[in-house]
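Asks: Take a look at this one; I'll ask things after.
The values are calculated or read from the model by the stated rules, or taken from the named source; none is laboratory data. It should be emphasised that the depicted structure is a prediction, and the values quoted were computed from it without experimental measurement. We place every Cβ from the backbone using ideal geometry, glycine too, and count neighbours over all the protein chains shown. The protein model used for the area step is the full one, side chains on, heavy atoms only, and it has no ligands, DNA or RNA in it. Shrake-Rupley method; radii C 1.70, N 1.55, O 1.52, S 1.80 Å.
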Amino acid sequence: MDYLDELGAFAADLQYKDLPSSVRQQLGWVLADTLAAIVAGSAEPEVRAMAERVAHPGNATLIGLGLGASPMEAALINGTGGTFLEMDEGNRFSRGHPAIHVLPAVLALCEARDVEADQLLAGLMAGYEVGSRLGAAAQLRSVMHPHGTWGTLGAAAGCARVLGMDARMMREAINTAASMSIATSKKTMLQGGLVRNVYAGLSNSNGMLASQLVQSGFGGEADGPGSLLGEIVSERFDRQAVVRELGQEWHVMQNYFKLHSCCRFNHGTLDALDMLAAQGVLPAAQEIATIQATTYNLAAELNDPAPRNTLAAKFSVPFAVATRIIHGGSGLASFTWEAVRRADVLALAAKVSVAEDPAMTSQLPHKRPALVRITDRQGREVQAEVGVNRGDDTSPYTHEELTGKFHELCGRVWPRAHADALLNATLTLGEGRQDGRASLQDWLALLRRPAAHVLAE
C-alpha cells in the first residue's frame, strides 16, 4: 500500500462519531469560524456583485446573502467571500488555510443532496486533513500563493467523502484534483490584486468538479499529488510525511484562529504591539520617531508602506503597525477603505521599517517570531518580542474570544440573536440527536437568512 492508498482509505473510511471528543469540539469551532468569515465577506461589494453576475437560482445557499445558487456556484462564491477579510482560520504546518478550501464545496454538495449532519462533518474533516497534510508535506515555490493549490485536493477529498466514495475512488478523486489546481501568484496579495480572493473559491468549485468527474468515469494520473507538489508548483514533496501518524495526529488540532484582520505574517508584530499596549508603554502616534520590526522572511516581504487597497493593506507590516497604533486595535475597522486613505495612518506607516532575521526564519513553522523597537521623538526606546503567535495551538484564544469574533463578523449582516442561534447550532451540530437529518436542516435554515441590507435593496 503506497501513501495514496493509505490516504484514500483514511478519507473514505473517516466517521465523525469515531473522532475523539476533543477533535469534534475543535472541528466545531473551525466550522463556526469559517462560516463567520464567509458571512462577513458576503457584505463586501465585490462579492455581492459577483453573486449578482455569476449565480443562477439553485438549491445551494450563498451564505450571508440568502440567495440560492447551483452547488458549483455556491462553492465558488462562498469560498471567495470567506477569504476577503483575511479572518479565516489557518494551519501553520501546511502554511495555508485548509477549512476555507473545503467547507464551501462540502456544504454546497450536502445541501443539494439532503444528507445528514455526520456526513457534512466527516466531509469537512476528511478534506481538512487531506489538504493540510499534503500542504505540510510540500514546500511551494516562493513565488506562489498557497491558496488554490493543495486546497483543491482537500476539497475533492471532502466532496468524495460526502458522496460515499470508496478508497479506490477517493484516491482517484485526489489524483484528478491534482490536475485542477491553479497557477497562483504571491504578487496578487502584495499588490492588492483582488483576483487573489477567488483562489479559494476556485479550489472549492474545482474540487467538487473533480469528484463529479470521477463519478462520470474520468481519472487522473497514477500519483497526481506527486507530480503537482513534487515537480510543478513545489520545491519538495515528502510522500511519507503525508501519512505520518495518520488518524492519530490531527492537523485540525494544530490550526490557528485569527483576531487580527490581516495576513498571518503580520501577527507576530501586532502581538508585540499588544504586549506594549498592555504594559502601558506603547507611545501615541504623534510621539513616534521610528519603528523597526524584525521578523522572519515571509513577514519581511510585507514591506509596502502605502498599500493601494484594503487587500494590499492586509499584507503590509508597516500599514498593520500604523493602523493598529492609531485605531487602538487590529480588527475589521482598522483595515477598511477609510483606514487605507487616512493620511495619519500612512504617515506613521512611512516610519516603519521591516527586516528579516535569519535566526527567526529558521524557527518556522513552529514559531513565527517578531521583535518591535519603537523610538520616540526624545530618543527613548521601548521594545517587545514574541515567539509563537496568539491563536496558535500553543497559545490559543479562549472560547470567549472566538465567540466575540464570531459576533463581530456575523454582525455585519445579521442581528445578534440570529448569530447566537447559529453559533449554538454549529457547535452542537451532529451531537446529541438521534435524527441527524433534522439537526442539519434546522442549521441550514439559519444559514439561509438574508442580510438586512440585501433585503432592503
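Asks: Between Gln286 and Gln15, what is the spin-label point distance in nm, taking each point 7 Å from the Cα along the Cα→C-beta axis?
Replies: Label at Gln286, label at Gln15, 6.7 nm between them.
Asks: Can you pull the percent of Cα pairs in the chain with separation above 36 Å?
Replies: 25
Asks: By average Cβ neighbour count within 10 Å, what is the ranking of 226-237, 390-401 from highest down?
Replies: Packing order, densest peptide first, comes out as 226-237, 390-401.
Asks: For every helix of n ≥ 4 consecutive DSSP H residues, a contribution of -39,500 (n - 2.57) applies; sum these over the chain, divide by its total residues, and give [θ] at 222 nm rounded to the nearest 500 deg cm²/dmol.
Replies: Dividing the helical sum by the residues of the chain leaves -14500 deg cm²/dmol.
Asks: For Asp376, Asp238, what's the largest-to-smallest order of accessible area, 1.4 Å probe?
Replies: Sorted by accessible area, descending: Asp238, Asp376.
Asks: What's the Cα-based Rg to Rh of the stretch 287-333, Rh via Kirkwood? All intermediate terms of the calculation are to be shown ahead of the outcome.
Replies: Numbers: Rg = 10.8 Å, Rh = 11.3 Å.
When Rh is taken as the Kirkwood radius, the ratio is 0.96.
Asks: Just to confirm, what accessible area per residue do you get for the stretch 1-121 at 1.4 Å probe, in whole Å²?
Replies: 29
Asks: Now a separate question. Evaluate 2.2 N^0.38 Å with N set to the residue count of the stretch 23-181, then give the Cα radius of gyration divided by it.
Replies: 0.98
Asks: A further question follows. How fast does the stretch 1-55 diffuse by Stokes-Einstein, in µm²/s, taking the Kirkwood radius from C-alpha pairs at 25 °C and 0.890 mPa s? Spell out each step's value before the answer.
Replies: Values: Rh = 14.4 Å.
Diffusion coefficient, whole number: 170 µm²/s.
Asks: Using the per-residue mean of other Cβ atoms lying within 10 Å as a proxy for protection, in what order, highest first, do the peptides 378-384, 331-337 fall?
Replies: Values: 378-384: 12.9, 331-337: 18.4.
With the highest mean Cβ count within 10 Å placed first, the list reads 331-337, 378-384.
Asks: Per-residue counts of other Cβ atoms within 10 Å, averaged by peptide: what ranking do you get for 281-293, 248-260, 174-186, highest first?
Replies: Per-residue mean Cβ counts within 10 Å order the peptides as 174-186, 248-260, 281-293.
Asks: Let me ask you something else. Kindly state, to the nearest 0.05, the FRET efficiency for Ser142 paired with Thr428, given R0 = 45 Å and r defined as their beta-carbon distance.
Replies: 0.60
Asks: When only the heavy atoms of the protein chains count and the probe is 1.4 Å, how do Glu245, Glu111 rank by accessible area, highest first?
Replies: So the residues, ranked largest to smallest area, are Glu245, Glu111.
Asks: Something else now. For Arg449, what accessible surface area do you get with a 1.4 Å probe? Give it in Å², rounded to 10.
Replies: Arg449 has an accessible surface of roughly 100 Å² with all protein chains in place.
Asks: Tell me, rounded to the nearest percent, the portion of alpha carbon pairs in the stretch 346-386 spaced more than 13 Å apart.
Replies: The proportion of pairs with Cα distances above 13 Å equals 65 percent.
Asks: Would you mind calculating the gained length between Ala343 and Ser395 on full extension (0.36 nm times residue separation, minus the Cα-Cα distance), in nm to one decimal?
Replies: 15.2 nm
Asks: OK, next. So what does the Cα-only Debye profile of the stretch 157-269 read at q = 0.10, 0.11, 0.21 Å⁻¹, as log10 I(q)/I(0), no solvent term?
Replies: After summing over all Cα pairs, the log10 values are -0.40, -0.48, -1.32.
Asks: Continuing with this model, one more query. Can you figure out the FRET efficiency of Ala277 with Ile182, using R₀ = 51 Å and their beta-carbon distance, to the nearest 0.05?
Replies: With R0 = 51 Å, the Cβ-Cβ based efficiency is 0.80.
Asks: I would also like to ask the following. Within the P(r) computed for the stretch 69-116, what percentage of the Cα pairs occupies the region above 18 Å?
Replies: In whole percent, the share of Cα-Cα pairs in the stretch 69-116 beyond 18 Å is 34.
Asks: How are the Cα pair distances of the stretch 258-339 distributed, in percent, across 5 Å bins from 0?
Replies: 3, 16, 29, 27, 19, 6, 0
Asks: With N denoting the number of residues in the stretch 370-410, provide Rg(C-alpha) divided by 2.2 N^0.38 Å, to two decimal places.
Replies: Numbers: Rg = 15.9 Å, N = 41, 2.2 N^0.38 = 9.0 Å.
That works out to 1.76 for the stretch 370-410.
Asks: Hey, any idea what % of the chain's accessible area is carbon plus sulfur with a 1.4 Å probe?
Replies: Its accessible area is 51 percent carbon and sulfur atoms.
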